[in-house]
1. Identify the single condition in (1) in contact (Cβ under 8 Å) with a residue 12 or more places away in the chain; (2) closer than 21 Å to residue 327 by Cβ; (3) part of a loop (DSSP other than H, G, I, E, B) that residue 277 does not satisfy, given that it satisfies every other one.
2. Is it true that some residue in the stretch 559-578 is closer than 29 Å to residue 490 by Cβ, outside the structural domain of residue 209 (by TED's automatic domain parsing) and surrounded by fewer than 17 Cβ atoms within 10 Å (Cβ to Cβ)?
3. With respect to residue 623, is the statement that it is part of a strand (DSSP E or B) and either at pLDDT 95 or above or more than 24 Å from residue 444 (Cβ to Cβ) (or both) true?
4. I need a count of the residues in the stretch 297-325 that are in a loop (DSSP other than H, G, I, E, B) and over 31 Å from the mean Cα position of the chain (by Cα).
5. So residue 663 fits all but one of (1) surrounded by 14 or more Cβ atoms within 10 Å (Cβ to Cβ); (2) in a loop (DSSP other than H, G, I, E, B); (3) touching a strand residue (DSSP E or B) at 6+ places or on another chain (Cβ under 9 Å); what number is the exception?
6. Look at residue 242 and say whether it is touching a strand residue (DSSP E or B) at 6+ places or on another chain (Cβ under 9 Å) and modelled with pLDDT of 95 or more.
7. Taking residue 113 as meeting all but one of (1) free of Cβ contacts under 8 Å to residues at least 40 places away in the same chain; (2) surrounded by fewer than 22 Cβ atoms within 10 Å (Cβ to Cβ), write down the number of the exception.
8. State which residue is farthest from the chain's Cα centre (by Cα) when the search covers only the stretch 89-103 and only residues that are farther than 21 Å from residue 146 by Cβ and surrounded by 22 or more Cβ atoms within 10 Å (Cβ to Cβ).
């Protein structure tokens, strides 16, 4: 019987007749089911990333039932393409489909998930076109393909639909729509087979956790990566960098790592990966000198090899048919290419103490990246290479640091499914503050990190507002590669900028613990309110008055919440934008308190706040515990004892688990880490009292003196 099924499958695929595959789902981990459709390609997103599921953590999440009616899932292979269909219920909302910058709700969209830079439209072409979506009903779907996938996210209407829309008369029906109700997500994969995964919940947050853990768990940056970073002008010299670091010190602004832009290389666009001897005559001495000042060095690069690079002749046989800026494109799926390429990085950068990389230009644009007609010696198609090149450079550069037992934290322009565990944050060339915040919200659905970096501003107000946002993000960074801006570039707000940078440092114990939850539990440290218990979003339709002669198919637009987000488990952040003196904030159910004062803010309601210029609105859950340290200028060193002020908000008794390890190495993978239980209990007289569990013998212990601050009187 088995041989007959294989024979029939071969005949169907060879003749191009539609094949409805058997939907035999296999539970590969608790709450994770896999279906192999047709003949899945050997090279996919997970093989490119080379990550393994964190099975013990998935086991802790426990089992759950398959979240969809299996009979309503349709899979077909036809003419070398795979067609997938998943059911949708009325009122169900969809999130994800990659790193989007303008919309959170994706139902009704038509997208092509295609690696590219962000072109000011949420059309699927983005820095992380992750083929994963999350339903408000508590399940997720992941398509493990390195192809350009077309998505109809509740936009197509089949004749055989179980829930068909009613035909309406446009002449007489006031609610006639050019986009009738659709009850399915349909996807087209340009391959004759694919792996499909379904993730159970039952809550949307648990879906996201399972997805991240299935992809290896989230990254755990070094402590210094969560401090402050300044990327300097592209033509800086070693002396310029020393001078700038000294100025940070003199002005008492925090600084943990400096990013060197293209001018550190002897040639760039394409790159030699070799130090420019006029600007940096003694690279090893320079890096060592900066490390003695507690400032690390991060290097910009793109991966395209200049004909003048010392490795060019060696690596040329292992490069693609087309160049990028006349630079050869290494086929990083080939071990020989990997060895030649990364040996250069290990010798001249990592080996002398460079802390990490900013890996540029691995995303798009079509006019300068290799075209889809390009070929690579491995046989991997240009399309697949484009979808996964960001994963390849992240994994292979991370492996360099892992081999030296030292953590890294850097920037990259491209990622995809499988990239959650890599210590890289995405950035781009767009500069819309509002889009940056929406991207931060959506990053939690895409399995990536995103930074709303600060570059330049027209006014001091804009400068401060952007700075406030970036200090409540995965990487607190000024990118001064073009303009040479500094935190104090606008003197009239320099004090406020310093205050928020110091707050970033004070909150390091909290940020570090929330990233530990990302690693061990899969909980994204920055995420949408849609994943928060008790958040009820009232979706409104808005239709502008229009002239039907100009726009005959005018549709109502959905008003969605895309300007406030969760920062860890305890904090709700609502950024202010230039020109705003007040804003509305939606608070989920339960009591919420002002982060700065501890005063009651509201419960499950919409409030209006007028914080003034000095502060970004931040709110804490009832019972919220925020561990804080003194505002050091640099992240604590391994083993350094740091005093803690533990803040408690509201009236509820609460618990919080504080994470600790050495902050720099991978020794936590060998069990060298600890979780300290912080508890706040209500006494018989009604007052609150806090305590922390003792450090475990033989485990990391960097906690010094502990003081308690009960913010709500």
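1. Unmet condition: (1).
2. Yes, some residue in the stretch 559-578 is closer than 29 Å to residue 490 by Cβ, outside the structural domain of residue 209 (by TED's automatic domain parsing) and surrounded by fewer than 17 Cβ atoms within 10 Å (Cβ to Cβ).
3. Working: part of a strand (DSSP E or B): no; either at pLDDT 95 or above or more than 24 Å from residue 444 (Cβ to Cβ) (or both): yes.
No: the conditions fail for residue 623.
4. Summing the residues that are in a loop (DSSP other than H, G, I, E, B) and over 31 Å from the mean Cα position of the chain (by Cα) in the stretch 297-325 gives 6.
5. Result: residue 663 passes all but (3).
6. Details: touching a strand residue (DSSP E or B) at 6+ places or on another chain (Cβ under 9 Å): no; modelled with pLDDT of 95 or more: yes.
Answer is no for this residue.
7. In the conditions (1) free of Cβ contacts under 8 Å to residues at least 40 places away in the same chain; (2) surrounded by fewer than 22 Cβ atoms within 10 Å (Cβ to Cβ), residue 113 misses (2) alone.
8. If we filter the stretch 89-103 for residues that are farther than 21 Å from residue 146 by Cβ, which is where we start, we get 89-95, 101-103.
Now drop any that are not surrounded by 22 or more Cβ atoms within 10 Å (Cβ to Cβ), which leaves 94-95, 101.
Working: 94: 18, 95: 14, 101: 12 Å.
Top of the filtered list is 94.
The values are calculated or read from the model by the stated rules, or taken from the named source; none is laboratory data. Computed from a predicted model, the values in this text were never measured in an experiment. Because the Cβ atoms are built from the backbone with ideal geometry, glycine has one as well, and the counts that use them run over all protein chains shown.
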